[in-house]
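What follows is a set of notes on a single structure, which appears directly below.
The values are calculated or read from the model by the stated rules, or taken from the named source; none is laboratory data. Model, not experiment: these values are computed from the prediction. We place every Cβ from the backbone using ideal geometry, glycine too, and count neighbours over all the protein chains shown. Ligands, DNA and RNA are stripped out before the accessible areas are found, and what is left, the full protein with its side chains, is counted by its heavy atoms. Shrake-Rupley method; radii C 1.70, N 1.55, O 1.52, S 1.80 Å.
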Amino acid sequence: MDALEARFEETIAADQRIEPRDWMPVAYRRTLIRQIAQHAHSEIIGMQPEGNWILRAPSLRRKAILLAKVQDEAGHGMYLYAAAETLGVDREELTEKLIESKQRYSSIFNYPALSFADIGVIGWLVDGAAICNQVPLCRCSYGPYARAMIRICKEESFHQRQGYELLLAMVHGTDTQREMVQESTNRWWWPSLMMFGPPDGDSPNTQQSMAWGIKRHTNDELRQRFVDMTVPQATALGITLPDPDLRWNEERQAHDYTQPDWDEFKAVLSGSGPCNAQRLAHRRRAHENGAWVREAAGAYAEKQAARAARTEAVA
Ligand code: FAQ
């Protein structure tokens, strides 16, 4: 092992951070680019299911909350692309890979938001799962990713609360509103469990990512944490989770639960989920529609650089 590699291993063993200027193994860099890019793309594509409801929110208050949440997601995407750029890739390149389906985004955003109850349930379950998965990433061994995650997690926590607060209002409303919450929970429960990734036995990246301190827990550990956290919240809402075998296991001090349909997960990952084509087509269109902004920003930057060069030459 050469000195650079030994230094990297020592930093990881001492639970300190790797910074962009530090030497790192090619595979460590590659894994981080894959995960951070996938995470950034998820935030950007993740604006679509909720964005669909901004114009149909039932009150000004609900609209303002939803707008703020969706804007936060755009911001998260930007922090994450910036974190990925410290690894030597650029945002343009990552965006191209997303729209050409060469990089992934989270499976969860390939499901449609069909009713306004979905806005509450996405906040409760999807952001709840995102928090479970992302809080440990604040201790990720790669400094820029870990630091980006601190702010993202604070905002995700607001997102989860706004969802739960909306559901509390709905379950205290009419019978129809309560039914809407139950129906929406029934649809989002299983895809939310899939967000944590495949079971540990089928997860090719977990072991190495844990050894490098990129991931701090396995997919199954985090999924279990999410189930245990969510069950009492469902009880407080007075609704049921759609798993007849969900029950507390005294011996394990955890809930037993049914696995989601992993064939469905694979199908969604391979592009045949309910909204895959729609999500990518929308993202592609937005990228094309934004071409003039990128061109204008590029022309402006060139003009500024030429002006600075002229001023320097005169001085
Ligand atoms: N969807 O070996 P593993 C959010 C892929 S942000 C799609 O276990 P790993 C905020 C995986 O990439 C949600 N693909 O992989 C929000 C790998 O692909 P490969 C996003 C998935 O990386 C809320 C293959 O399967 N969060 O929700 C999924 O060790 C509301 C094998 O899997 C993050 O990205 C999936 N669910 O663990 C926004 C968090 N699971 O190798 C708007 C950071 C796995 O074939 C509204 N990421 N794959 O290229 C992570 O923690 C990890 O990457 C995991 C996967 C845990 C997602």
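Can you tell me which of (1) open to solvent by 40 Å² or more (accessible area, probe 1.4 Å); (2) within 23 Å of Y111 (Cα to Cα); (3) part of a loop (DSSP other than H, G, I, E, B) is the one R285 doesn't meet?
Every listed condition holds for R285 apart from (3).
Please go through segment 108-133 and pick out each residue that is open to solvent by 10 Å² or more (accessible area, probe 1.4 Å), near the ligand (Cβ under 10 Å from one of its atoms) and of a type in the set (S, T, N, Q).
Listed by number, the list holds a single entry, N133.
Name every residue in segment 1-10 that is in a helix (DSSP H, G or I) and without any contact (Cβ under 8 Å) to a residue 12 or more places away in the chain, in order of residue number.
A3, A6, E9, E10, listed by residue number.
Of all residues in segment 213-223 being open to solvent by less than 30 Å² (accessible area, probe 1.4 Å) and at negative phi, which is nearest to the ligand (Cβ to nearest atom)?
The residue in question is N219.
For T258, state whether it is more than 21 Å from the chain's Cα centre (by Cα) and either touching a residue at least 40 places away in the same chain (Cβ under 8 Å) or part of a helix (DSSP H, G or I) (or both).
no
How many residues, within segment 184-198, are near the ligand (Cβ under 9 Å from one of its atoms), surrounded by fewer than 22 Cβ atoms within 10 Å (Cβ to Cβ) and over 30 Å from A14 (Cβ atoms)?
1
When you scan segment 138-150, how many residues do you find that are touching a helix residue (DSSP H, G or I) at 6+ places or on another chain (Cβ under 7 Å) and either without any contact (Cβ under 8 Å) to a residue 60 or more places away in the chain or open to solvent by 10 Å² or more (accessible area, probe 1.4 Å) (or both)?
Number of matching residues: 6.
Residues are listed down the side, and each one gets a yes or a no for (1) polar (S, T, N, Q); (2) touching a strand residue (DSSP E or B) at 6+ places or on another chain (Cβ under 6 Å):
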site	(1), (2)
S141	yes, yes
I150	no, no
V171	no, no
T185	yes, no
G197	no, no
D228	no, yes
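Please return the ranges of helices (runs of 4 or more DSSP H) entirely within segment 113-209 where 2 or more residues are under 22 Å from M229 (Cα atoms) and of a type in the set (F, W, Y).
143-171, 175-194
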